Amino acid sequence: MSEKLMKQRFEFQLFADYHQFYLQDESADGDLSESWSEEAVDRLLAIAPGTIEVGTVRDMDVLAVLEILDSEPEDHMDQWDQINECTIDLPSGRIVIAGCTDYFPGARRVGVPTGTYRARVYYGKLNTLSTDGLDGGDHYKVVLWKAATGPIKILKQRTVSSAG
């Protein structure tokens, strides 16, 4: 079976208030209040049923890219500071992507086939913050593909500069 690789790509400028933004199934309740453990903070990733919360190094507008593929991506890990992987169930087929204080009904939505997806979360240029923490080149990408449920994995761990 030689199917052409499906690839959808969406770019967002999101206000990462409280150092985070989220992707969630439109039908999920999105309650991550119990999910931000010390381990989740360290890996910049918290999950709850139907929801992924991506931690950021700034609480300003950040570039976030969402890609949807037919299969697991081939990676160039040297281009990223950190890479995590987790599972998200999308029973509604509608992903909401937003900053955590955005107005939910007005947040952007992306349609996908319903099902279970693996999500690979990429974190780039994390050590480019200005002294005041307001400016930087940090950026984020989430790649989704249909796959079985699996554990949270840290595929590449960032190194934190001694200044930060």
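Rule-based calculations on the coordinates, nothing more; no lab input. Note that the structure is a prediction, hence the values are computed from the model and not measured. Glycine also receives a Cβ, built like all others from the backbone with ideal geometry; neighbour counts cover every protein chain displayed.
Here is how the numbers come out for the structure above:
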item	result
Qualifying positions in the range 138-151 - in a loop (DSSP other than H, G, I, E, B) and surrounded by 15 or more Cβ atoms within 10 Å (Cβ to Cβ)	Asp138, Ala147
Residue within the range 28-45 that is assigned to a strand (DSSP E or B), under 13 Å from the mean Cα position of the chain (by Cα) and surrounded by 13 or more Cβ atoms within 10 Å (Cβ to Cβ) present	yes
Boolean, Ala119 is surrounded by 18 or more Cβ atoms within 10 Å (Cβ to Cβ), touching a residue at least 40 places away in the same chain (Cβ under 8 Å), within 15 Å of the chain's Cα centre (by Cα) and part of a strand (DSSP E or B)	yes
Filter result for Val96 (under 18 Å from Phe21 (Cβ atoms), in a strand (DSSP E or B), among the β-branched types (Val, Ile, Thr) and touching a Ser or Thr at 6+ places or on another chain (Cβ under 6 Å))	no
Unmet criterion (only one of (1) within 19 Å of the chain's Cα centre (by Cα); (2) assigned to a loop (DSSP other than H, G, I, E, B); (3) in contact (Cβ under 8 Å) with a residue 24 or more places away in the chain) for Leu134	(1)
Extreme residue, surrounded by the fewest Cβ atoms within 10 Å (Cβ to Cβ), among residues of the range 95-114 that are touching a residue at least 12 places away in the same chain (Cβ under 8 Å) and among the hydroxyl-bearing types (Ser, Thr, Tyr)	Thr101
Restricting the range 46-77 to residues that are among the aliphatic types (A, V, I, L, M) and assigned to a loop (DSSP other than H, G, I, E, B), the residue that is farthest from Lys156 (Cα to Cα)	Met60
